[in-house]
Amino acid sequence: MNFILVGLDESDAALHAAKFAASLASRAGAGVRLAYVSVPNLLPARPWGALVHEMEREEAAYVQGFLDRAAAQVHGCPVETRRASGPPAETFADLADAPDV
């Protein structure tokens, strides 16, 4: 199955784009892949290791909850979610290079 990749940033416009992509995907027999890219934490591991780990864990849970809520609002086609970390433009480009996108 092929997917339309939709980058999300918690804005109403991004959610609207996801719903529009779902309408296109349903007509094309495809699915929608909702993606959120987090910017990597730049705090040094020393002395902040435990705090950095906790922040990353909490952010991962928050982002997954956000993606799950967004996916619940997209109808008419299969929906997948992806969470990635890195420079946003480059990371979305990498996600778009997947053979099923």
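Taking only the stretch 44-60 into account, find how many residues are over 17 Å from ASP9 (Cα atoms), among the hydrophobic types (A, V, I, L, M, F, W, C) and in contact (Cβ under 8 Å) with a residue 12 or more places away in the chain.
Residues that pass the stated criteria total 1.
Would you tally the residues in the stretch 13-38 being within 12 Å of the chain's Cα centre (by Cα) and either under 23 Å from CYS77 (Cα atoms) or of a type in the set (A, V, I, L, M, F, W, C) (or both)?
Residues that pass the stated criteria total 9.
Which numbered condition in (1) modelled with pLDDT of 95 or more; (2) surrounded by 12 or more Cβ atoms within 10 Å (Cβ to Cβ) is the only one that PRO99 fails?
Result: PRO99 fails condition (2) only.
In the stretch 1-43, which residue that is touching a residue at least 40 places away in the same chain (Cβ under 8 Å) and β-branched (Val, Ile, Thr) is farthest from ARG69 (Cα to Cα)?
If we take residues in the stretch 1-43 being touching a residue at least 40 places away in the same chain (Cβ under 8 Å) and β-branched (Val, Ile, Thr), then VAL39 is farthest from ARG69 (Cα to Cα).
Going through ALA45, ALA17 one at a time, which residue ends up being open to solvent by 40 Å² or more (accessible area, probe 1.4 Å) and at pLDDT below 95?
Criteria check complete, one pass: ALA45.
The values are calculated or read from the model by the stated rules, or taken from the named source; none is laboratory data. The structure displayed is predicted, hence computed values, not measured ones. A quick note on method: Cβ atoms are made from the backbone with ideal geometry, for glycine too, and the neighbour counts reach across all protein chains shown. For accessibility, only protein heavy atoms count, side chains too; no ligands or nucleic acids. Shrake-Rupley method; radii C 1.70, N 1.55, O 1.52, S 1.80 Å.
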